[in-house]
Amino acid sequence: MKFNTKTIHGGQHHEKVTGSVMPPVFQTSTYAQTSPGKPVGEYEYSRAANPTRTALEEALASIENGTRGLAFASGLAATDSVMKLLKPNDEVIAMDDLYGGTYRMFARIYQDFGIKFHFVDMTDLQKLESLMNENTKLVWVETPTNPLMKLADIEAIAKLTKKKNLLFAVDNTFATPYLQKPLDLGADIVMHSATKYLGGHSDVIAGALVVKDAALGEKLHFAQFATGGTLGPMDSYLVLRGIKTLHLRVQRHCENGAKVADFLSKHPAIKRVYYPGLETHQHHDIAKKQMIGGFGGMVTFTFNSGKQEDAVRFLERVKVFTLAESLGGVESLANHPTSMTHASVPAEKRAEIGITDDLVRLSVGVEDIDDLLADLEQALQ
Ligand SMILES: Cc1ncc(COP(=O)(O)O)c(C=O)c1O
């Protein structure tokens, strides 16, 4: 089955009793048993499994070319279950530019549990290899990164992690499986904030993990079941509905994203545009290799003045773009990482990796491109 068919049919079948084409929202916590320990069907309690969540999980496995999908209450709940595979003294090597909440979980929760984190620029493969030792258990990559749109070469990193027998997880939120398939490139775990492109309509908080290896899938399901970060049936339904148009939406996000990046890179008020589709992007070669079919709808930029007040004034003036946290919905959003999504990253750390105070991140939606460009122009004026 091709990807554009999988988004609609992958892992899906008609509901058994009524033939309902979409899975019903099984709004139930528990399931009847005929005798103690003998449930009527295959379900016992919705923290362990729920049929609407199962339908979503099978769709997730299908679109990421995995064998097992798990749906979580948020992207961070999904990441949290991966961390529960670790023990004190284990080490994790993570990308230096990460979603602020992921960084906060690693640095402020799991570091205190005795897990050691190294945050590095993963384009330097020698540096990455030099940090691997007998305690290293996991390599965590976000590509493209939030907000600096840095890329990591998934295939090259997978070769290293396989050689050293380490787990390799990729946060595929920005790219989506329409553009990038980490499991096919050798990663062990794909993670998503399904709140973003998978859901696609800014109406749900959800997360996902997908794996190829059944035993790893079982361990992650155990962590989820034992600690409870599961996705409810209504939210599972919403994400599943979103996935059915993922290919159509991402295609338009890519078209609009490329046009916005081109417009901004020619604008006299703009200093630097971070978009993997631009030939000037530092990792354009990696993008061409692993982002099949387009470069996404996320565009980040800075101002010639370098002043935070210019970023703030711009963000106060946009009208079609909404100033808000989050990304990946059909509507265009604009964000100021320093004071919003990345406020939890310490100021020195932000400065070190290049998240300057004049940095603006756009999630370019699927509206008419003329309206988007006119909006950016008037706000920049
Ligand atoms: C790249 C990335 N990963 C993970 C997350 C966390 O996901 P959630 O907000 O669904 O918990 C986000 C949220 O913005 C994100 O952008």
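The values are calculated or read from the model by the stated rules, or taken from the named source; none is laboratory data. Please read all numbers here as calculations on a predicted model, not as lab measurements. FYI the Cβ positions are ideal-geometry reconstructions off the backbone, even for glycines, and counts take in every protein chain you see. SASA here: full protein model, heavy atoms, side chains in, ligands and nucleic acids out. Shrake-Rupley method; radii C 1.70, N 1.55, O 1.52, S 1.80 Å.
Inspect the range 33-43 for any residue being buried (at least 17 other Cβ atoms within 10 Å of the Cβ), more than 16 Å from the ligand (Cβ to nearest atom) and in contact (Cβ under 8 Å) with a residue 40 or more places away in the chain and give the result as yes or no.
No: the range 33-43 contains no residue that is buried (at least 17 other Cβ atoms within 10 Å of the Cβ), more than 16 Å from the ligand (Cβ to nearest atom) and in contact (Cβ under 8 Å) with a residue 40 or more places away in the chain.
This table checks each residue for (1) at pLDDT 95 or above; (2) more than 19 Å from Met149 (Cβ to Cβ).
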position: Ala269; (1), (2): yes, yes
position: Thr300; (1), (2): yes, no
position: Val318; (1), (2): yes, yes
position: His342; (1), (2): no, no
position: Val345; (1), (2): no, no
position: Ala351; (1), (2): no, no
position: Thr356; (1), (2): yes, no
position: Gln378; (1), (2): yes, yes
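Please indicate, with yes or no, whether at least one residue in the range 44-65 is within 22 Å of Leu166 (Cβ to Cβ) and open to solvent by 20 Å² or more (accessible area, probe 1.4 Å).
Filtering the range 44-65 down to residues within 22 Å of Leu166 (Cβ to Cβ) leaves 64-65.
Checking the rest, the ones that are also open to solvent by 20 Å² or more (accessible area, probe 1.4 Å) come to 65.
Yes - at least one qualifying residue is present in the range 44-65.
Could you tell me whether the range 263-277 includes any residue that is closer than 25 Å to Lys181 by Cβ, of a type in the set (A, V, I, L, M) and open to solvent by less than 30 Å² (accessible area, probe 1.4 Å)?
The answer is no, given that none of the residues of the range 263-277 is closer than 25 Å to Lys181 by Cβ, of a type in the set (A, V, I, L, M) and open to solvent by less than 30 Å² (accessible area, probe 1.4 Å).
So Ala223 fits all but one of (1) under 24 Å from Asp124 (Cβ atoms); (2) in contact (Cβ under 8 Å) with a residue 24 or more places away in the chain; what number is the exception?
It fails just one condition, (1).
Select from the range 185-227 the residues that are part of a loop (DSSP other than H, G, I, E, B), of a type outside the set (A, V, I, L, M, F, W, C), open to solvent by 10 Å² or more (accessible area, probe 1.4 Å) and within 15 Å of the ligand (Cβ to nearest atom) and list them in ascending order.
Thr195, Lys196, His201, Ser202, Asp203 - these are the residues of the range 185-227 that are part of a loop (DSSP other than H, G, I, E, B), of a type outside the set (A, V, I, L, M, F, W, C), open to solvent by 10 Å² or more (accessible area, probe 1.4 Å) and within 15 Å of the ligand (Cβ to nearest atom).
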